[in-house]
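Okay, so here's the structure we're looking at.
The values are calculated or read from the model by the stated rules, or taken from the named source; none is laboratory data. The model shown is predicted, which means the values in this text are computed figures rather than measured ones. Cβ atoms come from the backbone with ideal geometry, glycine included; neighbour counts cover every protein chain shown.
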Amino acid sequence: MNKPIEKFQADRARARDAGDPMAAVCVLATVDEDGRPEARTLVLRQVEDDLALFMHTSSPKWQQLQHGGSINTYWPSVEIQYRMHFTTLPIDQAVVAASWQYRPDTPKRMDWFYDLKQAQSTPIGSRDELKQGLDSLSLPQPITAPKSAGGLLLKPTMLERLDLNELSGLHDRRRYTLVGVEWQEEVLVP
Ligand SMILES: Cc1cc2nc3c(=O)[nH]c(=O)nc-3n(C[C@H](O)[C@H](O)[C@H](O)COP(=O)(O)O)c2cc1C
């Protein structure tokens, strides 16, 4: 059978062509050190043949993802949900740095803030303290990516596709599992 990621890419392309804003993002789930699930929205990127996520390595999710993770997508335009489990591979720093240059100014400066002031997702006294901290950074000129800007390639081990398009309302749900180098398909009770 074709790799299920190709089906994912084709469905995502249809959603994108339909102008679906959700086609650009995913919900990333990880588990924190206390075993509590954490979910948040991330841009779902494409690096050559692989899906990819970009983030600052000071965020706890960077460490959490070293043990793998899970993403969820739902595209209302085509009424298809995917769930995906994956392992990760770090993206070459030169590739991260090149892509980083396309970020808007404030996110670029924030990446340096995480590096020089305090980590992403930590509490800060006030918005004013944050703004003053951001304004007082001494940044490289021209600005380049800090080494702590990170990216991960997603290497899927399981995809589940839920298609809500069946006119009868009997949704089509299938799970694809990587066994060795082969993908196995199972039909699931929806
Ligand atoms: C539409 C959207 C896109 C986002 N894209 C990213 C992203 O690509 N990378 C990222 O680190 N955070 C992104 N965020 C912010 C994350 O959802 C999250 O707030 C932040 O990364 C902190 O996560 P943490 O608590 O796991 O550290 C995005 C948020 C939204 C709403």
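Can you pull out the residues in segment 139-177 that are of a type outside the set (A, V, I, L, M, F, W, C), loosely packed, with under 14 Cβ neighbours inside 10 Å and farther than 30 Å from residue 112 by Cα?
Of everything in segment 139-177, those that are of a type outside the set (A, V, I, L, M, F, W, C), loosely packed, with under 14 Cβ neighbours inside 10 Å and farther than 30 Å from residue 112 by Cα turn out to be 165, 166, 168, 169.
Select from segment 138-173 the residues that are closer than 21 Å to residue 15 by Cβ, touching a residue at least 24 places away in the same chain (Cβ under 8 Å) and part of a loop (DSSP other than H, G, I, E, B) and list them in ascending order.
164, 165
Okay, residues lined up against (1) in a strand (DSSP E or B); (2) β-branched (Val, Ile, Thr); (3) away from the ligand (no atom under 13 Å from the Cβ):
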site	(1), (2), (3)
12	no, no, yes
22	no, no, no
28	yes, no, no
35	no, no, yes
42	yes, no, no
62	no, no, no
65	no, no, no
73	yes, yes, no
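Of the residues 136, 168, which single one is over 19 Å from residue 53 (Cβ atoms), at pLDDT 95 or above and either over 24 Å from the mean Cα position of the chain (by Cα) or among the β-branched types (Val, Ile, Thr) (or both)?
Values: 168 fails: at pLDDT 95 or above.
Only one candidate qualifies: 136.
Filter segment 22-66 for residues that are among the aliphatic types (A, V, I, L, M) and in contact with an Asp or Glu (Cβ under 9 Å, 6 or more places away or on another chain); which is modelled with the lowest pLDDT?
Going through the qualifying residues, I end up with 31.
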